[in-house]
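This report concerns only the one structure given below.
No lab work stands behind these numbers, since they all come straight from the coordinates. Since this is a predicted model, take the numbers as computed values, not measurements. Note that each Cβ is placed from the backbone with ideal geometry, even for glycine, and that neighbours are counted across all protein chains shown.
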Amino acid sequence: MQVPIVCTAITLSSAIGRRNRIIYHEFTIEYSRIQERLYLPDQILNLDGVLMATAEKALLDTIYLRHRVPQRGELELEALDPNRIRSLAAFFPPSVVRRIEKLNLP
């Protein structure tokens with residue numbers, strides 16, 4: 001398991017703009033706004049008061065925001081549900097769906 005150096009927080013609020021970054025020591029915290037249609041409440045977990053997307057939703061959000069798929073070494077694809085990824089991808093633009101297809105999920 002890798003330790004992330006970037007934490008991305010997603011919001012629907014337009015008050016923060018499209019993307020903002022805060023650098024703290026060797027870590028980066030990003031605040032990004034997504035379209036309301038991409039906010040999927042049933043894919044948000046409450047972990048001791050911390051709201052976090054499911055792994056599958058987080059992957060799709062990452063591809064949507066960065067316009068690329070993370071490197072294979074950055075992903076733990078075996079821990080993801082390919083069927084959930086495919087069904088959630090239907091909410092995202094076609095460019096995200098195409099990038100998911102290139103992963104050749106089982």
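Can I get the semi-axes of the chain's equivalent ellipsoid? Compute them from the C-alpha gyration tensor as square roots of 5 times the eigenvalues, in angstrom, largest first.
Each semi-axis is the square root of five times an eigenvalue, giving 22, 17, 15 Å.
Length gain on complete extension for the stretch His67 to Leu105, per 0.36 nm per residue less the alpha carbon to alpha carbon distance?
On the way: separation 38, 0.36 × 38 = 13.68 nm, distance 1.87 nm.
Net length gain for the segment: 11.8 nm.
If you put +1 on each Lys and Arg Cβ and -1 on each Asp and Glu Cβ, how big is the dipole of region 6-101 around its Cα centre, in Debye rounded to 20? Don't skip to the end; give the middle numbers.
Numbers: 13 positive and 12 negative charges, 110 e Å.
So the dipole magnitude of region 6-101 works out to roughly 520 debye.
Starting from the 7 Å offset along Cα-to-Cβ, what nm value, one decimal, do you get for the label separation of Glu26 and Leu40?
3.4 nm
Can you compute 3J(HN,Hα) from phi for each residue in region 37-44, using the Karplus curve 6.51 cos²θ - 1.76 cosθ + 1.60 with θ = phi - 60°, rounded to whole Hz and x for Gly and Pro?
Going residue by residue, I get 5, 8, 7, 10, x, 6, 9, 10 Hz, with x marking Gly and Pro.
What number, rounded to the nearest 500 deg cm²/dmol, is the helix-based mean residue ellipticity at 222 nm of the chain, given -39500 (n - 2.57) per DSSP H run of at least four residues and division by all its residues?
Working: 3 runs with 28 residues, N = 106.
The helix contribution divided over the chain gives -7500 deg cm²/dmol.
Taking only C-alpha pairs under 8 Å that are 6+ residues apart, what is the relative contact order of the chain in percent?
Details: 106 pairs, mean separation 19.7, N = 106.
Normalised by residue count, the contact order of the chain is 19 percent.
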